[in-house]
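Working notes for the structure below.
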Amino acid sequence: MLDFIQNTLGDVGSVASVLTISVTLMGAAALLLSNLARYTQAKKFGIPIKAVSQATMGDSAAIWILLIRALGFGVLIPLAMFSTSWSWWFLLPAAAISFFFALTSELVSRIIRTKKNVFKGKTYIVEKEGMYKYIAVISVLMSFAYWQMHSTYHVIYAGGRFAEGFLGHTRFFLGVIGMAIYALLLAYIFYSGIKTIIFGGNESMVVVIEDQKYLVAMRNSHYHWILVPCEPDVVILKQFKKGGYRSKYVMRFEKGTFIIRDMSTINASIKRMKYYAPVDMGVPEDELVEEEEYLLGGKNKKQETENGK
């Protein structure tokens, strides 16, 4: 029993060392990706890059946490646990917890449950996320597949056969299929999380100043933020014969138009709009025509001046 405890603590120390080194490296990667996100967001809103401040470690927290959960708990810790000699009753919970943290790093699918509350005579709808229960079940199932791969690795390492009999081969192939499904699912979750952070997703933060809605785009300095005038809109994608329709929520903005404000002095609340994706509305046609006429008029005047000389 004493030897088992010593071996277990030694394996835990090895896994912790791998995680510590990984956290440091992921911090540097998160800072780099955070600055890349600043550049892509500035380009999307038409904001000059010199007006955007450089990202700090605090600004890269979202990417850092995503890397730790998706790559750290989802990949590095399971790989580090492969070399451990833990028993099944210790390995299964550790693998299930690790998989759960990884698979919940970005919810690519959601199950929303609603509940009505009455407060001061007014009815409010409270949304609760129900996807975590299903991910917990998937994590437990994946831990059994991982346990099978872990056992197979140690059997092969000891010089034995990877599977024996019909039952052994069935368990092995089920473990391979389970780990393949987990790898594909984790890859998609990681890709979706990185894409959302760098290029933006279906979420906006809006503040109203003097009856004008502004999209809180990005930070200009410690207290100053870049605000983009915007208008929420609902686009009807498809109408059905029975009267229903499929819609998309967008936050329309004019590219290249923005203001810089000190958010600590604004006496207004910021509203999070979860399902509104920022969309460039383009330049008004009349403004574009006026600008072209102005440029052409200046060019013709210059030409007449040169001909007069």
GNM of the chain, Cα pairs under 10 angstrom: of Phe119, Phe73, Phe166, the biggest fluctuation goes to Phe119
Going residue by residue through the range 269-284, the Karplus relation 6.51 cos²θ - 1.76 cosθ + 1.60 with θ = phi - 60° gives ³J(HN,Hα) values, rounded to whole Hz and with x marking Gly or Pro, of 8, 9, 9, 8, 10, 5, 10, 9, 8, x, 9, 6, 7, x, 9, x
Residue-normalised 222 nm signal for the chain, counting each DSSP H run of n ≥ 4 as -39,500 (n - 2.57), nearest 500 deg cm²/dmol, is -18000 deg cm²/dmol
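Kindly put Ile226, Ile194 in sequence by how many other C-beta atoms sit within 10 Å of each C-beta, fewest to most. If you can, show how the numbers build up before the last one.
Values: Ile226 23, Ile194 18.
Ascending number of Cβ neighbours within 10 Å: Ile194, Ile226.
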Labelled set (i) 1.10; (ii) 1.03; (iii) 1.41; Cα Rg over 2.2 N^0.38 Å computed from this model equals the value at (iii)
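By how many nm would the segment from Leu184 to Asp286 lengthen if fully extended, with 0.36 nm per residue of separation less the alpha-carbon distance? Working shown, then result.
Values: separation 102, 0.36 × 102 = 36.72 nm, distance 4.93 nm.
Taking Leu184 through Asp286 to full extension adds about 31.8 nm, to one decimal.
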In whole Hz, the Karplus estimates of ³J(HN,Hα) for the range 60-66 (6.51, -1.76, 1.60; θ = phi - 60°; x where Gly or Pro) are 8, 4, 4, 5, 4, 5, 4
Among Glu127, Glu210, Glu291, the residue with the largest mean-square fluctuation in a Gaussian network model of the chain built from Cα contacts under 10 Å is Glu291
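I need to check one value: relative contact order of the range 204-308, counting alpha carbon pairs closer than 8 Å and at least 6 residues apart, in percent. Before the final figure, lay out the partial values.
Working: 160 pairs, mean separation 27.3, N = 105.
It rounds to 26 percent for the range 204-308.
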Here the equivalent ellipsoid of the range 204-308, derived from its Cα gyration tensor, has semi-axes (largest first, whole Å) of 36, 26, 9
Here, Arg161 and Ile49, labelled 7 Å along Cα→Cβ, have an inter-label distance in nm of 6.1
Inter-part gap, Cα centre of the range 39-118 to Cα centre of the range 206-278, in whole angstrom, is 26
A chain fully extended from Tyr39 to Val208 at 0.36 nm per residue, minus the present Cα-Cα distance, gains in nm 58.3 nm
Fewest to most Cβ atoms within 10 Å: Thr170, Thr123, Thr196 sort as Thr123, Thr170, Thr196
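Taking 45 Å as R0, compute the FRET efficiency from the Cβ-Cβ separation of Arg246 and Phe90 and round it to 0.05. Please report the intermediate quantities before stating the final value.
Numbers: r = 49 Å, r/R0 = 1.08.
Computed FRET efficiency for Arg246 and Phe90: 0.40.
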Partner lysines whose C-alpha sits under 23 Å from that of Lys213, ignoring same-chain residues fewer than 8 away, are Lys43, Lys44, Lys248, Lys255, Lys271, Lys274
Quick calc: nm separation of the 7 Å Cα→Cβ label points for Ile260 and Leu296 -> 3.7
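Tell me which DSSP H helices of the chain clear both cut-offs, 24 Å or more of axial length from alpha-carbon atoms and a mean Kyte-Doolittle hydropathy of at least 0.5. Could the numbers behind the result be given before it?
Working: long enough: 2-45 (62 Å, 0.74); 131-157 (38 Å, 0.66); 165-199 (51 Å, 1.48); 285-308 (34 Å, -1.72).
Counting only whole DSSP H runs, the qualifying helices are 2-45, 131-157, 165-199.
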Residue by residue through the range 255-262, the couplings from Karplus 6.51 cos²θ - 1.76 cosθ + 1.60 with θ = phi - 60°, in Hz, x for Gly and Pro, are 4, x, 10, 7, 10, 10, 10, 7
Scoring the chain by relative contact order with C-alpha pairs under 8 Å, at least six apart, yields a percentage of 16
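Calculated FRET efficiency, Ile236 and Leu32, Cβ-Cβ r, R0 45 Å, to nearest 0.05? If you can, show how the numbers build up before the last one.
Values: r = 40 Å, r/R0 = 0.90.
About 0.65, to the nearest 0.05.
None of the figures in this text is laboratory data; all of them are computed from the coordinates on show. Everything numeric in this text was worked out from a predicted model, so none of it was measured. Positions of Cβ are backbone-derived with ideal geometry, glycine not excepted, and every protein chain shown enters the neighbour counts.
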